[in-house]
Amino acid sequence: MFLQRSPINGDEATLLGIELNFVKKLDFLPGFLSGLGVFANYTYVDSDSSFSSLNEETGEIETREEIPFIGQADHTWNAALSYDKGGFSARASLNYNGRSLTSFATTSDFDFFLEERYQLDVNASQKITDNLTFFIEFINLTNEPVVEFQTIRSQVTNYEIYDWSARFGINFKF
C-alpha cells in the first residue's frame, strides 16, 4: 500500500535573529604590523514554520508545527585575520555553520539534517599596477566533509568529502 500526501503551505512562519560584526584595522601598530586587521561576525537565528499535508487516502489535513526553516542554521560565525599594505593583501578565514534542516516529513523521525561544519580558507593577492593583480586562494584547508543525517547523527544518509582546493591567477582590468 502506498500512502500519498500533497503538501499545503503552512499558516505561519517566524524568523527572529541578531547579527553582530566587529571589524578593526590595527593601523595603530608600528611599521609592518600596521597592515594587520581582524574581522568577526556572529549570527543567531531562531526560525519556525508550520507544514501541512493532505492525506489523499483519508482526506484529512495533517499539520506539523515549529519546524525550522530549511537550510537555516541557528548559529553561524566567521572570524578572519587580514593583512593589507603596499598592494599586498592576505586573509585567513574560519567559517562555521551550525546544524540545519535539509528536509522534513510529517513526523520528526524522518527529518534530514546537515551536520555543523567548519571551513578554513586562505587567500592572498599582490597588486602590480592599477590594472594588474596576481592572486592565490586555498579553500577548505581543514578538509571538512559535508554530512547529512536522518534525525540522529549516527544515521548518516550522505557523506561527501571535498578535499581542499586552490586556484591562482591574474586579474587584469581594461
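Taking the range 113-145 as the range and being over 30 Å from residue 85 (Cβ atoms) and open to solvent by less than 70 Å² (accessible area, probe 1.4 Å) as the test, the residues that pass are 113, 114, 115, 117, 143, 144, 145.
Residue 148: farther than 30 Å from residue 90 by Cα, surrounded by 12 or more Cβ atoms within 10 Å (Cβ to Cβ) and either among the acidic types (Asp, Glu) or more than 15 Å from the chain's Cα centre (by Cα) (or both), yes or no?
The answer is yes for residue 148.
Looking at the range 151-169 only, could you name the residues that are assigned to a strand (DSSP E or B) and open to solvent by less than 100 Å² (accessible area, probe 1.4 Å)? Passing the criteria: 156, 157, 158, 160, 165, 166, 169. For the range 11-26, filtered to residues that are at pLDDT below 95 and open to solvent by 70 Å² or more (accessible area, probe 1.4 Å), the residue that is farthest from residue 76 (Cα to Cα) is 11. The strands (runs of 3 or more DSSP E) found wholly in the range 85-139 and carrying at least 2 residues that are among the small types (Gly, Ala, Ser) and within 30 Å of residue 26 (Cβ to Cβ) occupy 88-97, 117-127.
Going by the conditions given, is residue 87 out of contact with any His (no Cβ under 8 Å at 6 or more places or on another chain), open to solvent by less than 40 Å² (accessible area, probe 1.4 Å), over 30 Å from residue 158 (Cα atoms) and free of Cβ contacts under 8 Å to residues at least 60 places away in the same chain? Walk me through it before giving the result.
Numbers: out of contact with any His (no Cβ under 8 Å at 6 or more places or on another chain): yes; open to solvent by less than 40 Å² (accessible area, probe 1.4 Å): yes; over 30 Å from residue 158 (Cα atoms): yes; free of Cβ contacts under 8 Å to residues at least 60 places away in the same chain: yes.
Yes: the conditions hold for residue 87.
Filter the range 35-84 down to the residues that are of a type in the set (A, V, I, L, M, F, W, C) and assigned to a loop (DSSP other than H, G, I, E, B), then identify the one that is least open to solvent (accessible area, probe 1.4 Å). Talk me through it step by step, then tell me what you get.
Restricting attention to the range 35-84, the residues satisfying the condition of being of a type in the set (A, V, I, L, M, F, W, C) are 36, 38-40, 45, 51, 54, 61, 67, 69-70, 73, 77, 79-81.
Next, only the ones that are assigned to a loop (DSSP other than H, G, I, E, B) stay: 69-70, 73.
Numbers: 69: 65, 70: 98, 73: 8 Å².
The qualifying residue least open to solvent (accessible area, probe 1.4 Å) is 73.
Being in contact with a strand residue (DSSP E or B) (Cβ under 6 Å, 6 or more places away or on another chain) and either β-branched (Val, Ile, Thr) or more than 27 Å from residue 23 (Cα to Cα) (or both) is a description that applies to residue 160. In contact with a Gly (Cβ under 7 Å, 6 or more places away or on another chain) and among the aromatic types (Phe, Trp, Tyr), is that true of residue 96? Spelling it out, it is not the case that residue 96 is in contact with a Gly (Cβ under 7 Å, 6 or more places away or on another chain) and among the aromatic types (Phe, Trp, Tyr).
The values are calculated or read from the model by the stated rules, or taken from the named source; none is laboratory data. From a predicted model like this one, the values you see are computed outputs, not experimental measurements. Reconstructed Cβ throughout: ideal geometry from the backbone, glycine too, with neighbour counts over all protein chains shown. These area figures cover heavy atoms from the full protein model, side chains too; ligands, DNA and RNA do not enter into them. Shrake-Rupley method; radii C 1.70, N 1.55, O 1.52, S 1.80 Å.
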